[in-house]
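Since every read-out is calculated from the coordinates, none of them should be taken as a lab result. Small disclaimer: the values here were computed from a predicted structure and weren't measured. Glycine gets a Cβ as well: all are built from the backbone with ideal geometry, and neighbour counts include every protein chain shown.
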C-alpha cells in the first residue's frame, strides 16, 4: 500500500514537472505559477510541523481564480498524498483564527500581500508557514518567499521569523535557500 | 635437489633444505599477505568512494528537486580536500522525457574535465577500474524514485603507490630474512659438520692405522656427543677384542702345531687302515664275483637238472621202446631161425615194431625239441644277439624247465600273454630273469601256503615290453624293500640263500636287456615286479 502511495505521490510530482515543461515560453507568468505550485508542494515534504498537527496537510489560498491555488486545486491526486493534501480557499484575510486552526501553509500572492500588514502576520500562528511572492513580504514578517530569478524560482526565508517559528525546515533545504534580510 | 641415491654432503643438504623451505614459506606468506593487503586497500578505497558517492547523492536530492545546480556545484567544491576524487558528475533524469542530462560537475585542481558518462549510467552500479582510476556510479533516489546519478572518478595512484611500496618492503624483508637464514644455516651447518668431520677423520685414522687406543673428543652437539661416546665404546671393545684375539691366535697357533702332529700321526694310521680296507674290499669283490659265479653255476645246475629231468622221460621212453623192439626182434629172429615163424607172429611183430618205433621216434623228437629250446637258453648272455622269439613259448619253456619244482607244490602259474606274440629280444636273460623270479616266489613267498598263485602278464606298448610279475605270497619285508636289488640281501641267510638272485635279475634287466625293474609296494599281499625293456620289433 505504501509503495502504491509513493508511486502515486511521485507520479504527481512528475505530472507537475511535465506540465511545467509543456508550458510555452510566452506564457511566462503561467510557468512561474506552476513552478511556485510545485515548490509549495515540495517544500511541504521538507517541513516538519509541530504536534499536534492536522490529520491533513492543508494548503490555504485566497485566490481561487488564478495562481498556485487554482493550479493545485485542479490536481486531484494531491488529496491522496500521505498525509492527504487539502486545498482550502479563504475569501477573507481577517479570518485569522480559522486560518491558524485549519492551515499548515498559507500562500499569499502579490495582490493579497498588498492587503496585509505586520499586525496581520503577527496574528498568524508560528505553527503555520506563510509563503509570499516578494522580498517585501519577508520584510513584513513573512517566513518564505518564492521569487523568480531569470527563468527559475528561488526560495527566500526570513531567518528571524524562522527562529521564532515552531516549524522545522530540513537543513538540506536551508542549504539551498537564501535568507532575507542577509 | 639431489635425486635419490645421489651422494650429497650434509652441508649442502642442510643449507639447501633450509633455504628452500624458508624461501618457499616467505614467498607464500609474502604473496598471500601482499595480495590480501592490496585487496583490502582496494576495497577500502572503493568503499570510501562509494560512501562519498552516496553522500553526494543524498545531498543532491534537494538540488535536483529544486533545480539548483549552483548550490550543488558549490557544495561539490567541498570535495577538494578529498585527494582520491578527481571528477564528480551529477546527472538529472528529465521528468517528462525520462532522459538523462548533465546537471553539474566538479573537477579536482589540475584535473582535466572528462566527457559525460550518460551512456554508462546503468545498473548494476559496480565500481569499475579504468587504468589508474576507478569509476563509481550511484543513483540519486528520492522517495524510492531515481532522480539522477552521481558519477565519481576516483584516483588509484595512491593505491598503486601503496602497492609498489608494499611490494618493495615485502621483497626487501623477504630478502633480508633469506640472508639472515642463510647466515644462521651456515653457522648451524658449521656447528654440526665440524664435529662430524672430526669424527670422520678419527674413524679414518683408526681404520688406516688400526690404532684403537685413540678416543673421540666430546662435542657440544648432544647426538654427536652420543655418537662420539659410542665410537669410544666401540674402539675400547675392539681394542679388547683384538687383544683377546691376539691371545687366542697364539693359543690356536700352539693348538694347531699339536693338532698337526696329531693329524700326521692319524693320517699315517688312516692310510694304513685305508690300505687294509682297500685290500679287504678287493677280497670282498673277489668273493662277490665268486659268489655270483657260484650263483650262476647253481642256477645253471638247476637248469641242467630240469633239462635232464625233462629229457629223461622221452629218452627213457625211447630206451624202453627200442629195448622192447630189440626183444621182439630177438624173438622173431629166433622163430625165423627155427623156421617156426608164423604169418600171424610176423604180423604182430610188424604192428608192435611200428608202435615201438613211433614211440621211440616221438620220444626222441620230444627230446630233440627240449634240447633245442634249452640250447637257446644256454647260449652266452653277454654276447647273445637279439632273436625273434615267441614270448609265450619262452615262458612255457621256463615253466617246463622248472616243472619238477613246481609239481612238488600245488602252486598255480597263470600266463597272460598273447600266444602268437613275438618280440625281438634276448632269450637267455629273459629265461634266467623269469626263472629267478619264479624260484624266489617258490622259495620265499609261499612257505606258509599250500597253494599260491603266480601271474605273469606281458604287454607291448610303444616299443616297450612290460612284464608284470605278481604273486600272492607274503611279500617283501619292509626293512629290505628299498634294497631288494642290492647284492647279498636275503631273508634266509644261513639257510641256503645267497642274496644274489634279485641282484642278478637287476643286472640282467638293466645290462643285458637295457631295461628297468621296479618293485611296487603291495604291503604284505605278495610282490609285484614291473620289468620294462625295449624291443626292436614285434609281430
Open item on the list: For the protein assembly as shown, I need the span (max minus min coordinate) of the C-alpha atoms along each principal axis, in Å, sorted largest to smallest.
Closed with: 229, 95, 47
Open item on the list: Sort B:481, B:190, B:75 by Cβ crowding within 10 Å, fewest neighbours at the top.
Closed with: B:190, B:481, B:75
Task: Near-label residues of the stretch B:147-163 by backbone N, under 17 Å of a point 7 Å along Cα→Cβ of residue B:120 - done: B:149-157
Open item on the list: More than 18 angstrom separation, counting every C-alpha pair in the stretch B:34-77; what % is that?
Closed with: 45 percent
- [ ] Grab the Cα-Cα distance for residue B:420 and residue B:254, subtract it from 0.36 nm times how many residues apart they are, and report the gain in nm with one decimal.
- [x] 51.6 nm
Open item on the list: What does the extension gain come out to for residue B:173 and residue B:268, with contour length at 0.36 nm per residue minus their alpha carbon separation?
Closed with: 25.0 nm
Task: Packing-based ranking, highest mean first, of B:25-38, B:111-124 given that Cβ atoms within 10 Å are counted - done: B:25-38, B:111-124
- [ ] For a quick protection proxy, order the peptides A:36-43, B:316-323 by their average other-Cβ count within 10 Å, most packed first.
- [x] A:36-43, B:316-323
- [ ] Round to the nearest 0.05 the FRET efficiency obtained for residue B:54 and residue A:179 when R0 = 30 Å and r is the Cβ-Cβ distance.
- [x] 0.55
Task: Cα centroid of the stretch B:1-63 to Cα centroid of the stretch B:197-233, whole Å - done: 49 Å
Task: Per residue, the convex hull volume that the Cα atoms of the stretch B:381-457 enclose (Å³) - done: 81 Å³
TODO: Compute the acute angle (0 to 90°) between the alpha-carbon long axis of helix B:391-401 and the principal axis of greatest extent of the alpha-carbon atoms of chain B; round to the nearest 10°.
DONE: 50 degrees
TODO: Can you tell me the 0 to 90 degree angle between the C-alpha axis of helix B:10-65 and the longest principal axis of chain B, rounded to 10?
DONE: 40 degrees
Task: Sum of -39500 (n - 2.57) over DSSP H runs of 4+, divided by residues of chain B (222 nm, nearest 500) - done: -21000 deg cm²/dmol
Open item on the list: With only alpha-carbon pairs counted, each pair once and no self-pairs, how large is the Kirkwood hydrodynamic radius of the stretch B:229-284 in angstroms?
Closed with: 14.8 Å
- [ ] Let me have the relative contact order for the stretch B:393-534, percent, based on Cα pairs under 8 Å that are six or more residues apart.
- [x] 24 percent
Task: Residue-averaged beta-carbon neighbours from other chains (10 angstrom radius) around B:409-417 - done: 0
TODO: Using a Förster distance of 60 angstrom, determine the FRET efficiency expected from the C-beta separation of residue A:164 and residue B:144, and round it to 0.05.
DONE: 0.95
Task: Ratio of the Cα radius of gyration of the stretch B:85-164 to 2.2 N^0.38 Å, where N counts its residues - done: 1.20
Open item on the list: Between 0 and 90 degrees, rounded to the nearest ten: what's the tilt of helix B:157-209 against the longest Cα principal axis of chain B?
Closed with: 40 degrees
